Amino acid sequence: MKMRKGHPRFYELLKIIEDLHDRKNSNYAPDADPLANLRISENFGVKPWIGTLIRISDKFSRLQELAKGKKDLVGENVKDTLLDLSIYSLLAIILYEEKNN
């Protein structure tokens, strides 16, 4: 077994992120292309990784409002939003690498 040097909760959160991504992705994209919902931004002349950055900015705006004390009215609290941000960040890396490698 590999000895981990980071915080144990970090590795627990990675598993949560993995599960969340699996569950949410099935609602947004076909199995043949799990990033199709992000690639669709190309139809508007926006590179998919940049389109993902726009989604990240939406999540960040939401976090700013929640941090100011605005009530959550849609069932997505601070923790949920931060988890989504981590997923979008990883997806942006994948899309960026596809176009730049």
Checklist entry - Mind checking which pairs have a first residue in segment 35-51 that is free of Cβ contacts under 8 Å to residues at least 24 places away in the same chain and a second that is surrounded by fewer than 18 Cβ atoms within 10 Å (Cβ to Cβ) and assigned to a loop (DSSP other than H, G, I, E, B), Cβ under 7 Å, 6 or more apart or different chains? => result Ala36/Ala29; Ala36/Pro30; Asn37/Ala29
Checklist outcome for this item: Condition set of a type outside the set (Asp, Glu) and more than 9 Å from the chain's Cα centre (by Cα), scope segment 82-101, selection farthest from Arg39 (Cα to Cα): answer is Asn101
Next on the checklist: So the check is Cβ under 8 Å with 6+ separation or different chains; which pairs have a first residue in segment 68-93 that's without any contact (Cβ under 8 Å) to a residue 24 or more places away in the chain and more than 18 Å from Arg55 (Cα to Cα) and a second one that's assigned to a loop (DSSP other than H, G, I, E, B) and not hydrophobic (A, V, I, L, M, F, W, C)?
Outcome noted: none
Checklist entry - Among the residues of segment 54-94, how many are farther than 24 Å from Lys15 by Cβ and either of a type in the set (Gly, Ala, Ser) or not in a helix (DSSP H, G or I) (or both)? => result 10
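Out of all the residues in segment 25-33, is one or more of a type in the set (D, E, K, R), loosely packed, with under 11 Cβ neighbours inside 10 Å, modelled with pLDDT under 95 and at negative phi?
As a first pass, look at segment 25-33 and keep what is of a type in the set (D, E, K, R): 31, 33.
Applying the additional criterion that residues be loosely packed, with under 11 Cβ neighbours inside 10 Å yields 31, 33.
Right, trim to modelled with pLDDT under 95 and you get 31, 33.
Next cut, at negative phi only: 31, 33.
Yes: one or more hits.
Of all residues in segment 13-45, which are among the acidic types (Asp, Glu) and closer than 17 Å to Thr81 by Cα? Spell out the reasoning first.
First, the residues of segment 13-45 that are among the acidic types (Asp, Glu): 18-19, 22, 31, 33, 42.
The answer is Glu18, Asp19, Asp22.
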Checklist outcome for this item: Within segment 70-93, the count of residues that are surrounded by 13 or more Cβ atoms within 10 Å (Cβ to Cβ) and either basic (Lys, Arg) or touching a Pro at 6+ places or on another chain (Cβ under 8 Å) (or both) comes to 0
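The values are calculated or read from the model by the stated rules, or taken from the named source; none is laboratory data. Since the structure is predicted, the reported quantities are computational estimates derived from the model, not experimental observations. Ideal geometry is used to build each Cβ from the backbone, glycine not excepted, and the neighbour counts take in all protein chains shown.
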